[in-house]
Amino acid sequence: MIRSDRPNILFVMSDDHASHAMSCYGSRINRTPNLDRIADEGMRFDNCFCTNGICTPSRAAILTGTYNHVNGVTTLSTHMDNRLTTYPKLLREAGYQTAIFGKWHLGQGPAHEPAGFDDWCVLPGQGLYHSPVMIDPGGKRVHVGYVTDVITDMSLQWLRNRDRSRPFALMVHHKAPHREWEPDAAHAQMYEDEEIPEPETFDDDYRNRSAAPAAARMRMEDLQWKDLKADVPSGLSPAEERSWRYQRYIKDYLRVVAAVDDNVGRLLDYLDREGLAEDTLVIYTSDQGFFLGDHGWFDKRFMYEESLRMPFVARLPREVKAGTTCDEFVLNVDFAPLFLDLAGVAVPDEFQGRSFRPLLHGETPPDWQRSMYYRYWMHGDGNHNVYAHYGVRTHRHKLIHFYNDGCGQPGSGEERHPPEWELFDLQADRNELRSLYHDEAHAAVRRELTDELHRLQAAVGDERYPLDDG
Ligand code: CA
């Protein structure tokens, strides 16, 4: 049955774009006028979180509406079985035209390539910024140009050629602003004569927490030549060198974000010109957040705020009041149920997320989630060395258990470390600089959160780490 009242869905997802590099989220370091248009004409979600802060697992959670212990995509080395039920498959069965262009990163070959799409063309693995090779059902070929433009051109071409008698669901998955942050010529000189402010926690000394943050190899000092694209000038003090590294890193990051912003503008302009804006849900999000020099880091993975938080702005004029915000919790596993709900498709029982369509109307269901479960499985990989952990976040607190064991997960290191806990009061300490786990004044909160963690873990069907003594 084809219903004419079903909205089109334009889902734009970038890679590693932290919300604190979007002006609609109050960025101190850049402007994103086109992304802001979506927020200004729709709703900005201020507490959207990923359930595992790394590319491949978050993408699987979005497509399948399930946590990673259920969909099996726990780390970068676990590829998604494309026989799993996903929202594009269900939308397609219900009469939507579906397509994905850009980053897939869930594996290649018959068992892992995109399924459930009328058309697709994706980057192999991480893909390249300049003239990338891309894979489509016919094979591989080079697409000349800058990756963000190429993906947008392909998306616009598909929209122009679509069957106008049916609604569409189009996924535009940008590679940018993923490492190694290579700008295009149009933005290469941006910020050239400016100093980008360093974040408040740039000089974090990692005291008053577990051993995990100090062990991570994501500091400015860990940026490589391919990231910096220049030799470190001689004669700098260690502090000056760190600042120099930050400027090199953050400017390129913001330049590639600027190209994403421009290209989102092209898509929005197309919808306006074609009279599609009213009936199209437009989403802009990213697969997780990123450290923009916060805690002295680049990259993501940790359950700390900067990487846990996903930007999420949504515009659907016929349902969503312009210029609104929502601070209820929304998770990456909730996206698929929302899309199915809007399309009038029943959400399968196996999906673990919940549609947040009422939130779009400014209504919070009385039993809406007040806490969320997170698990980062990829323990101590040879590169970033972030330890495995799981935790719970509420509106006020966060409890993290660093169980510090790869548990045999592909891509994890073999070395284990003694388990530790962290507890933060986000109201008193929004930068998460002082763990209160061993503070007796917080014993009751600690107990309550530990119980909530284990309750959520059981509710989603995950298992406690055997040595979890909470
Ligand atoms: Ca990512």
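By the count of neighbouring beta-carbon atoms within 10 Å, fewest first, Ile54, Ile135 end up ordered Ile135, Ile54. Per-residue ellipticity at 222 nm computed for the chain from its helices equals -7500 deg cm²/dmol, with DSSP H segments shorter than 4 residues left out and the rest contributing -39,500 (n - 2.57). Each part gets one Cα centre, and for region 183-261 versus region 293-307 those centres are 13 Å apart.
Within the same chain, aspartates and glutamates fewer than 8 places from Lys321 are excluded, and of the rest, those with a Cα less than 19 Å from its Cα are Asp5, Asp36, Asp40, Glu41, Asp46, Asp272, Glu278, Asp279, Asp341, Glu363. The packing ranking of peptides 202-214, 336-348, highest mean first, is 336-348, 202-214, where packing means the average number of other beta carbon atoms within 10 angstrom of each residue.
What you get for region 164-204, charging only the Cβ of Lys and Arg (+1) and of Asp and Glu (-1), is a dipole of about 980 debye around the Cα centre.
Other residues with beta-carbon under 12 Å from the beta-carbon of Gly323 carry, at +1 per Lys or Arg and -1 per Asp or Glu, a net charge of +1. Dipole magnitude for the chain: about 1120 debye, using +1 per Lys or Arg Cβ and -1 per Asp or Glu Cβ, origin at the Cα centre.
Across the chain the C-alpha pair distances fall into 10 Å bins from zero in the proportions 4, 21, 32, 27, 13, 3, 0, 0 percent. Relative contact order of region 248-318, taken over Cα pairs closer than 8 Å and 6 or more residues apart, is 31 percent.
Computed from the coordinates by the stated procedures, all read-outs in this text should not be read as laboratory data. Please read these numbers as outputs of a predicted model, since none were measured by experiment. All Cβ positions, glycine included, derive from the backbone under ideal geometry; neighbour counts span all protein chains shown.
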